[in-house]
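Enquirer: A single structure is presented below for examination.
The values are calculated or read from the model by the stated rules, or taken from the named source; none is laboratory data. Treat the numbers as computed from the prediction; the structure is a model and nothing was measured. For neighbour counting, all protein chains shown are included, and Cβ atoms are generated from backbone atoms with ideal geometry for every residue, glycine included.
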Amino acid sequence: MKKGFTLLEILVVVLIIGILSAIAVPQYTKIVERGRASEALLTLKALAESVQRAEKLRRYPLGPNQWDSIDIAMPGTKTGTGYQTKYFTYYTGNDLGVANAPTFVSAVKVGAPNYILEMHVHQGDILSAVCVYTNGDTEAYDACIDLGFKNPVSHIGTSGAGKLGLERP
């Protein structure tokens, strides 16, 4: 009697490994992305609280990327207008041309899927986080849904003018 495996047995094992890999790899990718987004949301929360404190002291909203008013150490490297980490670039800003415009803090995802996590500070309150995706970018929309955002916000291009993304693009 010969020792060893037949070709059919090896093919069955390879097929089973292939099927398990096809199921596991996408789930692993989603879990890794959730971890990265969770870290970004924690940083955004700390940044929003810092903006909130700065605005209470100054008694008016911060302008875009006024990092000198922030009392926390930001992760990553300071770039021209934000702070760059491996997976996100952080910004602050508001629309100073609009009365009582909230200050936003945002984390723009570096690389695909391209989404933006954003929180707003308005009249001393920190509003809930939103996930923003470019209108028509189904990969970013799906990432927002996978991260637990039930109603991601859609915007056209990079204009920032948005509408609630209640339906799948």
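Enquirer: Check whether at least one residue in the range 68-75 is surrounded by 12 or more Cβ atoms within 10 Å (Cβ to Cβ), of a type in the set (Ser, Thr, Tyr) and at pLDDT 85 or above, and report yes or no.
Expert: For the range 68-75, residues surrounded by 12 or more Cβ atoms within 10 Å (Cβ to Cβ), of a type in the set (Ser, Thr, Tyr) and at pLDDT 85 or above: absent.
Enquirer: Spot the failing condition for Ala22; the list is (1) within 24 Å of Val130 (Cα to Cα); (2) assigned to a helix (DSSP H, G or I), and only one is missed.
Expert: (1)
Enquirer: Follow-up question, since we're still on this one. For Thr81, all conditions in the list (1) among the polar types (S, T, N, Q); (2) within 28 Å of Ala143 (Cα to Cα); (3) part of a helix (DSSP H, G or I) hold save one; what is the number of the exception?
Expert: Unmet for Thr81, out of (1) among the polar types (S, T, N, Q); (2) within 28 Å of Ala143 (Cα to Cα); (3) part of a helix (DSSP H, G or I): (3).
Enquirer: Name the single residue that is surrounded by the fewest Cβ atoms within 10 Å (Cβ to Cβ) among those in the range 102-122 being in a loop (DSSP other than H, G, I, E, B) and of a type in the set (A, V, I, L, M, F, W, C).
Expert: Within the range 102-122, the subset in a loop (DSSP other than H, G, I, E, B) is 102, 110-114.
Narrowing further to those that are of a type in the set (A, V, I, L, M, F, W, C): 110, 112.
Working: Val110: 13, Ala112: 10.
Out of the qualifying residues, it is Ala112.
Enquirer: For the range 107-114, state whether one or more residues are farther than 20 Å from Ala129 by Cα and modelled with pLDDT of 90 or more.
Expert: no
Enquirer: Taking Ala37 as the residue in question, decide whether it is at negative phi and buried (at least 16 other Cβ atoms within 10 Å of the Cβ). Please lay out each step first, then the result.
Expert: Numbers: at negative phi: yes; buried (at least 16 other Cβ atoms within 10 Å of the Cβ): yes.
Yes.
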